[in-house]
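Chemist: Pasting in a structure now, in structure tokens, and then I'll have a few things to ask.
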Amino acid sequence: MQKLKTTFLLLSGSAAAFAGSAAAFAGSAVSFGAQPCFPAETDATDLATTRAPAARQNQLIQQRPNILWISVEDISTDLSCYGATGIHTPNIDRLAAEGIMYKHAYATVGVSAPSRSSIITGMYPVSIGSHNMRTGPHWTYRSPDNEDYMEDYYGLYDQKGRVVPHYATVPPPYVRCFTEYLREAGYYTTNNAKTDYQFNPPLTAWDETSGRAHYRNRPDGAPFFAVFNDEITHESRIWMKKDDPMLADRSKVPVPAYFPVIPSVVEAVSRVYSNIIELDRNVGRILDELEAEGLLEKTIIFFWSDHGGPLLRQKRAVGNSGLHVPLIVRLPNGEMAGKVVEDIVSLMDLGPTVLSLSGIKPPEHMHGRAFLGPYKTDTPHRYAFGSADRFDEVYDMSRSVIDGRYVYIRNFRPELPLVYRNAYREQIDMTPELIEMDRRGELEGDAAYIWMKTKPVEELYDLHNDPWEVNNLADCPGHREKLLELRGALAQWQLEVGDLGFIPEHDLVQMKWPGLVQPETEPVSFNLASGMLELSSATEGASIAWQIKGRDDPGQWRLYHQPIRVESGKTPPSQGARASGTERADAGVAAGDTIYTATGDTIYTATGDTTSTATGDTTSTATGRNTIAEGEVIRARAIRIGYKTSEITVFGQ
């Protein structure tokens, strides 16, 4: 496992933590079922070089389960199956009753983009430079030829007053989207539709990513990994849906102790619950569709939220209120139904767990650990670690450790207030009212706690006795031992992962984008020998997307993972144009294709194709068709996370 080796001082929490030069960093660059249902060991790290014969691949595909994620936004465990009052969520409760409920699941960051970056890579955001919210317009897929960046992020300046541009996170070269390992193994992968990874999704990450992406588009016999992102509970829906019918009973919703019980707060909390009730209905529809299609008992279902709740001291917070999330996994045929797991689980573990359930050994470099399947870890997390850095226009820096009962927070900018001004969240009616009440000195008791004008360097909360985290025990002699334990655990973790939060953001971008210019992958090279065509790129860590011109739609890309067999004397299914050199991405549309344009994107629907691309969409052909006829033309692009994608290179007569 490659690790960033860094030495830094854990300063007392002042802004001086940012004064150091980035130069110090410059040199771093058990089966769940009683009946066995998994293939022999497949190591994701070996897939690119050692491949099973086609017959064995087909056998592995048949043995692998379908997997479906229901990914939701901005909710903590405010569900009746988790014991929440004032709400009834029968469909999510059904998932819990028929599946496994994890009591101690946590996000790595209390906001979507950094959290989702850790989910797709299996890495801590602070270790790969994706910890600042957000880096650019990455919430949905953009074609590589439409990927551009502003020279400044709406006037954003870093901790030293220097311009921060739009950018894409560039992780170390060994880091890939975990879905590539699934595609290599024969899975059809779909994402509908949010991405928000802090980088543009690589062409190689998904077979489909769009508002129309669906497992129903998969080739016959292929297992699927399908993600459905439901945004009904997102923070923005509190103000966008404020005039919708209220589904929650305002008189029964619990108001957190850190809020005063005033009409605007009750209304906001009630809307949160109302949106969760609406979400529950959507979950029911997905379950009904799977059942109607005969897939419910052939599919492993995950339900999770990307971080905690959407209100003040919830979203963007680094404690339990910002990181604690629901996580439910339903296995087919009642396997482990009703089980409640007390182990600490991170959302960063989702990718490794999906790989494990698919019979693929998770790569060693991943920080995430599989919690199900044949590669389930023998050492669950002892702690959940969290981070908070820039949120939109506001900088801060805090880190946290949660052991399931105690929450430890280290504030590296204690001179800043706990609740800072943030234009986005101030669109919720209660927020500006609370700001004004605080200004007038009208908040008292626990409701005044979160409005502290400076933060303590350390915070410690006992969730058993203080679930709202309003009684700081950091200076309590009776909790000294726990304080030292968690303080030490945090310091050790920061050293192990090479916490990049100490580097001012302008310098961080310079490290990954020298001269603030996005690096570009080297074009794909071709080598034909003994009837086998090998594709490669000089860019370290690059994946390769390829397609057969005239046979694949221009918006469809396969993931190269083994040499392509070139069969002489075989008639191509569809003869494409012959070319060499480089091409524009939209070149080579065959006769009979229909071409549309919308919002600057080119949309192709090729005659006879079963899938098409649209604005913000990408689709790819299924892995496994790895043979071409002599004379067919191959188009290929080199892909690396955060890099500008190389121009298309072409192989053919």
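The values are calculated or read from the model by the stated rules, or taken from the named source; none is laboratory data. Quick caveat, the model's predicted, so the values are computed rather than measured. Note: ideal-geometry Cβ built from the backbone for every residue, glycine included; neighbour counts use all protein chains shown. Calculation scope for accessible area: heavy atoms of the full protein, side chains included, ligands and nucleic acids excluded. Shrake-Rupley method; radii C 1.70, N 1.55, O 1.52, S 1.80 Å.
Chemist: Go through LYS644, LYS512 and list them by solvent-accessible area, largest first, probe radius 1.4 Å.
Modeler: Accessible-area ranking of LYS644, LYS512, largest first: LYS644, LYS512.
Chemist: Could you pull out every one of the aspartates and glutamates with an alpha carbon less than 12 Å from that of LYS455, ignoring same-chain neighbours closer than 8 positions?
Modeler: Of all the aspartates and glutamates, those that pass the test against LYS455 - Cα under 12 Å, at least 8 places apart if same chain - are ASP396, GLU415.
Chemist: At a Cα cut-off below 18 Å, give the lysines reachable from LYS549, other chains included and same-chain residues fewer than 8 away excluded.
Modeler: Output for LYS549: LYS570.
Chemist: How about region 348-392: which trypsin sites (Lys or Arg not before Pro) there are in a DSSP loop, with at most 12 other Cβ atoms within 10 Å of their Cβ?
Modeler: ARG382
Chemist: Just want to confirm a number: the relative contact order over region 364-505, from Cα pairs under 8 angstrom separated by 6+ residues, in percent.
Modeler: It rounds to 21 percent for region 364-505.
Chemist: Given the whole protein assembly as supplied and a 1.4 Å probe, what does the accessible area of ARG212 come to in Å², nearest 10?
Modeler: 130
Chemist: When the accessible area of region 510-553 is computed with all protein chains present and a 1.4 Å probe, what percentage of it is carbon and sulfur?
Modeler: The nonpolar share, carbon plus sulfur, comes to 47 percent.
Chemist: Continuing with this model, one more query. So, with a 1.4 angstrom probe, what is the percent of accessible area on region 132-284 that is carbon and sulfur?
Modeler: 50
Chemist: Here is a further query. Quick check: with the 1.4 Å probe, what order do TYR102, TYR424 take by accessible area, largest first?
Modeler: TYR424, TYR102
Chemist: Starting from 0.36 nm per residue, how many nanometres of slack lie between GLU289 and ALA97 once their C-alpha separation is accounted for?
Modeler: Taking GLU289 through ALA97 to full extension adds about 67.2 nm, to one decimal.
Chemist: Using a cut-off of 27 Å between alpha-carbon atoms, which lysines can reach LYS242, once sequence neighbours fewer than 8 places away in the same chain are excluded?
Modeler: Once the sequence-local lysines are set aside, what remains near LYS242 is LYS194, LYS252, LYS315.
Chemist: Which of the GluC sites (Glu not before Pro) found in region 132-227 are in a DSSP loop and have at most 16 neighbouring Cβ atoms, other than their own, within 10 Å?
Modeler: Of the GluC sites (Glu not before Pro), the ones in loops of region 132-227 whose Cβ has at most 16 other Cβ atoms within 10 Å are GLU151.
Chemist: Would you mind putting 445-453, 349-357 in packing order, based on average other-beta-carbon counts within 10 Å, highest first?
Modeler: 349-357, 445-453
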